[in-house]
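Scroll down for the structure; my scribbles are underneath it.
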Amino acid sequence: MRTYGANVTPSPSTTTEVGREILKNHPGTTGSLGCAISEAVEAATKQDGYRYVLGSVLNQVLLHQSVIGLETKTALDKYGIEPDIIIGCAGGGSNLGGLIAPFMREKLRGEKDYRIIAVEPASCPSLTRGKYAYDFCDTGMVTPLQKMYTLGSNFIPSANHAGGLRYHGMSSTLSQLYDDGYLEATSVEQTDVFKAAKYFAQVEGILPAPESSHAIRVAIDEALKCKETGEEKTIVFGLTGTGYFDMVAYEKFNNGEMSDYIPTDEELEASFAQLPQVEEL
Ligand SMILES: Cc1ncc(COP(=O)(O)O)c(C=O)c1O
């Protein structure tokens, strides 16, 4: 980013009020997407001529990522292939929401019955262990509330490497689909994710993003189940990015320095206790 002329400030920083507040409440934290959003909102609202558009968790981002789903569906239709399982990693939910859009349309209409699986890191399990509640989209609690599966906007995931999936909440569209039973969710641990990433790189020659590798892990696991039962299934997964931006994570994994972290129930309860109290009509 600096090569292209941007100034980059790691979050949480001391350059914003909310950043200083976060650092006071969470001393030594390595930050999260939720912290960076709060700081970006403050930076945008305190300077003339700037706007902040929240990404990932909001519907407009799912909508433009639906291009991925439309292209996938067109390609599959062209070759007469029908998927049995569709898998995507889920941070805020945008790539998965986009990938599944045209398939979910058929499922909602009762025309097809795909298995659709969201994969999240065990260190930040918003669908699998979160609460379905109104919450802020950021740590500093400056954004509007969204009804979503959330670990609490105050929850800062551990610094172990879940990359862009370290977000406390999940898109309200995906949350609703999950709550209504149209979407499954599972969580995976970091070292297992990187084992899958390494295997994929060796077989395919593509170094996947750590985020995408969550989906790869579950795609491999589902394929191995088929191998055991002798069933044949077509599995589609979203490869959302390249791992070349994340060489440090691969270095850590190959040096045996990558750790797994699963938050305790007590940690999650402490965070749920701070959810905003909203009376639903
Ligand atoms: C490569 C990559 N894949 C996936 C994600 C997850 O985001 P979302 O769940 O909104 O698609 C991110 C987020 O930063 C990412 O960088």
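The values are calculated or read from the model by the stated rules, or taken from the named source; none is laboratory data. Quick caveat, the model's predicted, so the values are computed rather than measured. Ideal geometry is used to build each Cβ from the backbone, glycine not excepted, and the neighbour counts take in all protein chains shown.
Is at least one residue of region 32-44 within 16 Å of the ligand (Cβ to nearest atom), in contact with a Ser or Thr (Cβ under 9 Å, 6 or more places away or on another chain) and within 22 Å of Leu183 (Cβ to Cβ)?
Yes, region 32-44 contains at least one residue that is within 16 Å of the ligand (Cβ to nearest atom), in contact with a Ser or Thr (Cβ under 9 Å, 6 or more places away or on another chain) and within 22 Å of Leu183 (Cβ to Cβ).
Output the residue which, of all residues in region 197-243 that are among the hydroxyl-bearing types (Ser, Thr, Tyr) and within 16 Å of the ligand (Cβ to nearest atom), is surrounded by the fewest Cβ atoms within 10 Å (Cβ to Cβ).
In the first step, residues of region 197-243 are kept if they are among the hydroxyl-bearing types (Ser, Thr, Tyr); the result is 199, 212-213, 229, 234, 240, 242.
From the residues that got through so far, the ones that are within 16 Å of the ligand (Cβ to nearest atom) too are 212-213, 240, 242.
Working: Ser212: 27, Ser213: 34, Thr240: 23, Thr242: 12.
Ranking the candidates gives Thr242 first.
Quick one: which residue in Tyr52, Tyr4 is assigned to a loop (DSSP other than H, G, I, E, B), more than 22 Å from Ser271 (Cβ to Cβ), at pLDDT 95 or above and not acidic (Asp, Glu)? It would help to see each step written out before you state the result.
Values: Tyr52 fails: at pLDDT 95 or above.
Answer to the check: Tyr4.
Tell me, please, whether a residue that is without any contact (Cβ under 8 Å) to a residue 12 or more places away in the chain, out of contact with any Gly (no Cβ under 8 Å at 6 or more places or on another chain) and either over 27 Å from Asp77 (Cα atoms) or surrounded by fewer than 17 Cβ atoms within 10 Å (Cβ to Cβ) (or both) can be found in region 177-192. Steps first, answer last, please.
If we filter region 177-192 for residues that are without any contact (Cβ under 8 Å) to a residue 12 or more places away in the chain, which is where we start, we get 180-181.
Retained after the next criterion (residues that are out of contact with any Gly (no Cβ under 8 Å at 6 or more places or on another chain)): 180-181.
If we keep only those that are either over 27 Å from Asp77 (Cα atoms) or surrounded by fewer than 17 Cβ atoms within 10 Å (Cβ to Cβ) (or both) as well, we get 180-181.
So far as region 177-192 goes, yes, one or more of its residues are without any contact (Cβ under 8 Å) to a residue 12 or more places away in the chain, out of contact with any Gly (no Cβ under 8 Å at 6 or more places or on another chain) and either over 27 Å from Asp77 (Cα atoms) or surrounded by fewer than 17 Cβ atoms within 10 Å (Cβ to Cβ) (or both).
Among Lys73, Lys24, which is more than 16 Å from the ligand (Cβ to nearest atom), assigned to a helix (DSSP H, G or I), among the charged types (D, E, K, R) and more than 23 Å from the chain's Cα centre (by Cα)?
Numbers: Lys73 fails: more than 23 Å from the chain's Cα centre (by Cα).
Selected residue: Lys24, the only one of Lys73, Lys24 that is more than 16 Å from the ligand (Cβ to nearest atom), assigned to a helix (DSSP H, G or I), among the charged types (D, E, K, R) and more than 23 Å from the chain's Cα centre (by Cα).
Does region 10-21 include one or more residues that are assigned to a helix (DSSP H, G or I), under 30 Å from Val236 (Cα atoms) and touching a residue at least 40 places away in the same chain (Cβ under 8 Å)? Give the derivation first.
Step one: of region 10-21, the residues assigned to a helix (DSSP H, G or I) are 17-21.
So of that shortlist, the ones also under 30 Å from Val236 (Cα atoms) come out as none.
Scanning region 10-21, I find no residue that is assigned to a helix (DSSP H, G or I), under 30 Å from Val236 (Cα atoms) and touching a residue at least 40 places away in the same chain (Cβ under 8 Å), so the answer is no.
Restricting region 244-266 to residues that are in contact (Cβ under 8 Å) with a residue 12 or more places away in the chain and charged (D, E, K, R), which is farthest from the ligand (Cβ to nearest atom)?
Filtering first and then ranking leaves Asp260.
Scan region 100-115 and tell me whether some residue there is within 24 Å of Val236 (Cα to Cα), within 16 Å of the chain's Cα centre (by Cα) and either more than 14 Å from the ligand (Cβ to nearest atom) or surrounded by fewer than 18 Cβ atoms within 10 Å (Cβ to Cβ) (or both). Don't jump to the end; show me each part of the working.
Kept after step one, since they are within 24 Å of Val236 (Cα to Cα), are these residues of region 100-115: 100-115.
Cutting the leftovers down to within 16 Å of the chain's Cα centre (by Cα) gives us 100.
Going one step further and asking which of them are either more than 14 Å from the ligand (Cβ to nearest atom) or surrounded by fewer than 18 Cβ atoms within 10 Å (Cβ to Cβ) (or both), we end up with none.
Within region 100-115, none of the residues are within 24 Å of Val236 (Cα to Cα), within 16 Å of the chain's Cα centre (by Cα) and either more than 14 Å from the ligand (Cβ to nearest atom) or surrounded by fewer than 18 Cβ atoms within 10 Å (Cβ to Cβ) (or both).
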